[in-house]
Amino acid sequence: MAIVLGGGLSGLSAAYYLLKKYGQPTAIFEASSRIGGWIKTEKHKDRGFIFEAGPRTIRPKGISGANTLEMIEDLQLPIEAVTSSHVAAKNRMIYAKGQLCMLPNSLKGVLQTIPPFSQPLAMALFNDLKSGPKKIKFGDESIYDFVSRRFGKELADYAISPMICGICAGDAKEISVRFLMDELFDKEQRYGGVMKGIFLSKLNDKKKDNAGTSKGLFQDKQPTMFKEAVKNKWSMYRVNDGLETLPRTLNDYLLAKNVEVNLTSECREIVFGENSVRLNIKGQDVEAKLVVSSIPSFKLAACVKDQHPGLAGQLMAIPYVDVAVVNLQYNSKDLLKQPAFGFLVPPLEKRPILGVIFDSCIFDMEENTVITVMMGGKWFEQYYGQNPTQKDLLDIALREVSQILGIEQEPKMSRVHILKKCIPQYNVGHKQRVQDIRRYIQRYKLPISLCGAAYDGVGINDVILSARMSVEGMPVLH
């Protein structure tokens, strides 16, 4: 039997794909008392709003986006889509130089000089065209250095740095370019420039298409919901009643198929034998043919350190950050002067928040204004110390909301969540590190497969696809 470690979205997805592949039940062991991991929805249906302590929307883009929609279609989950014409899809802001600045969302905006930039963003393309080639040692650099080198420091400071804060609560000066711009970096290194690389690679792609090459995971048939998303220009969507509905529905699906879901069942040790694996779970030995681990890399490291200290060291080298999430609800509907998805704060502004999401602008929350303040990440201890109280964090969030958004009234309801070690950081060298980890597993023929946010991307789509690919790469069970 195959066993899954972790009952977050990636672990539940792994069990789902194991069921699809082998047609037999498996077992999930989750250390905490609930499934879903960092996805947590607090519903207030009677008052017309919800709080999300973790992610809230999913983007229907690319192969990973199509894969998630295929699962949602199979689970028959109703969703609510936001199209590209919606104000929350078009309007994204940053707080810079003492004001909220709308990022350009059209060709006209790219050709104009708008705050906080000193020249049109289109000029960044000319910077790339006039910059010469530069071979980067070890095939990696920070995303900040890459963008600054090819497109200019201003773009790195006011576009890329806040974007990294929003995606992984990290420092763009440490995060690898391969985290978000893997293909662009490879094109630049191969052809000597980003724009040049895009143009020449497209010519090569046309030649490959004419030769009948594969088009990926869904080359035969795209999921129906993904086709609908493309046709109707979805920018993002959510699952009805909040994102936690997804892992909960997935859990119900698995239970109905006789999959064991064991809560408060932390794995403390993993010992690999020739043809099996022995896991110590709550002091009891559990035998398995194969293991899929979706737990954080540092937790897996603790399980394998006695038998495989080298592997444990590589797993421990992936850093994580703490994030605070503050949900605020006000009884007035129109407190936000500028409708938008929200705003991000560039690190050079030195403010103690990462950004604010305008939840009630994205989805209907009836007569409420609902916002979420994201805090900490790479700078958690710098701004709040080692053990801030929930009141400390709430006071900081309310002060920032007052100063930046001009909302002076007290929220009717608030929630503060301190999420310890919740987001892995894909620092420079991360891609090579993950390759080394998986190469170690192959070299020693360990019957374990890895998936989840530590390895293949931190987004909802990423962790689901990571689970699928980890299962599809596993041998046939006898």
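Values as computed for the structure displayed
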| item | result |
| --- | --- |
| Residue ID - nearest to the chain's Cα centre (by Cα), chosen from residues in segment 120-150 that are touching a residue at least 12 places away in the same chain (Cβ under 8 Å) and open to solvent by 90 Å² or more (accessible area, probe 1.4 Å) | 138 |
| From the options 30, 70, residue that is assigned by the TED database to the domain that holds residue 450, out of contact with any Gly (no Cβ under 7 Å at 6 or more places or on another chain), surrounded by 16 or more Cβ atoms within 10 Å (Cβ to Cβ) and of a type in the set (Asp, Glu) | 70 |
| Extreme residue, nearest to residue 93 (Cα to Cα), among residues of segment 300-347 that are of a type in the set (D, E, K, R) and open to solvent by 50 Å² or more (accessible area, probe 1.4 Å) | 337 |
| Test: residue in segment 366-389 that is outside any helix (DSSP H, G or I), surrounded by fewer than 19 Cβ atoms within 10 Å (Cβ to Cβ) and more than 27 Å from the chain's Cα centre (by Cα) | yes |
| Test: residue in segment 379-386 that is modelled with pLDDT under 95 and over 12 Å from residue 351 (Cβ atoms) | yes |
| Qualifying positions in segment 438-478 - acidic (Asp, Glu) and in a helix (DSSP H, G or I) | 462, 472 |
| Single match in 263, 246 (criterion: out of contact with any Gly (no Cβ under 6 Å at 6 or more places or on another chain), closer than 30 Å to residue 165 by Cβ and hydrophobic (A, V, I, L, M, F, W, C)) | 246 |
| Residue satisfying all of: in segment 351-365; assigned to a loop (DSSP other than H, G, I, E, B) and open to solvent by less than 30 Å² (accessible area, probe 1.4 Å); farthest from residue 49 (Cα to Cα) among these | 352 |
| Residue in segment 22-43 that is part of a helix (DSSP H, G or I), touching a residue at least 24 places away in the same chain (Cβ under 8 Å) and farther than 23 Å from residue 361 by Cβ present | yes |
| Single residue of segment 423-437 satisfying the filter (in a strand (DSSP E or B) and open to solvent by 20 Å² or more (accessible area, probe 1.4 Å)) that is farthest from residue 43 (Cα to Cα) | 427 |
| Residue within segment 260-274 that is at pLDDT below 95 and either hydroxyl-bearing (Ser, Thr, Tyr) or assigned by the TED database to the domain that holds residue 311 (or both) present | yes |
| Qualifying residue in segment 449-468 (condition: in contact with a Pro (Cβ under 7 Å, 6 or more places away or on another chain) and either small (Gly, Ala, Ser) or more than 27 Å from residue 49 (Cα to Cα) (or both)) | yes |
| When residues of segment 280-299 are limited to those that are over 22 Å from residue 36 (Cα atoms) and surrounded by 13 or more Cβ atoms within 10 Å (Cβ to Cβ), the one nearest to the chain's Cα centre (by Cα) | 290 |
| In segment 355-378, the residues that are in contact with a Lys or Arg (Cβ under 9 Å, 6 or more places away or on another chain) and either under 13 Å from residue 324 (Cα atoms) or among the aliphatic types (A, V, I, L, M) (or both) | 357, 362, 365, 372 |
| So residue 90, is it on the phi > 0 side of the Ramachandran plot and surrounded by fewer than 18 Cβ atoms within 10 Å (Cβ to Cβ) | no |
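Here is a yes/no grid of residues against (1) of a type outside the set (A, V, I, L, M, F, W, C); (2) surrounded by fewer than 21 Cβ atoms within 10 Å (Cβ to Cβ):
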residue	(1), (2)
397	no, no
400	yes, yes
404	no, yes
439	yes, yes
453	no, no
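The values are calculated or read from the model by the stated rules, or taken from the named source; none is laboratory data. Everything numeric here is computed off the predicted structure, so don't read it as measured data. Cβ: placed from backbone, ideal geometry, glycine included. Neighbour counts: every protein chain shown. For accessibility, only protein heavy atoms count, side chains too; no ligands or nucleic acids. Shrake-Rupley method; radii C 1.70, N 1.55, O 1.52, S 1.80 Å.
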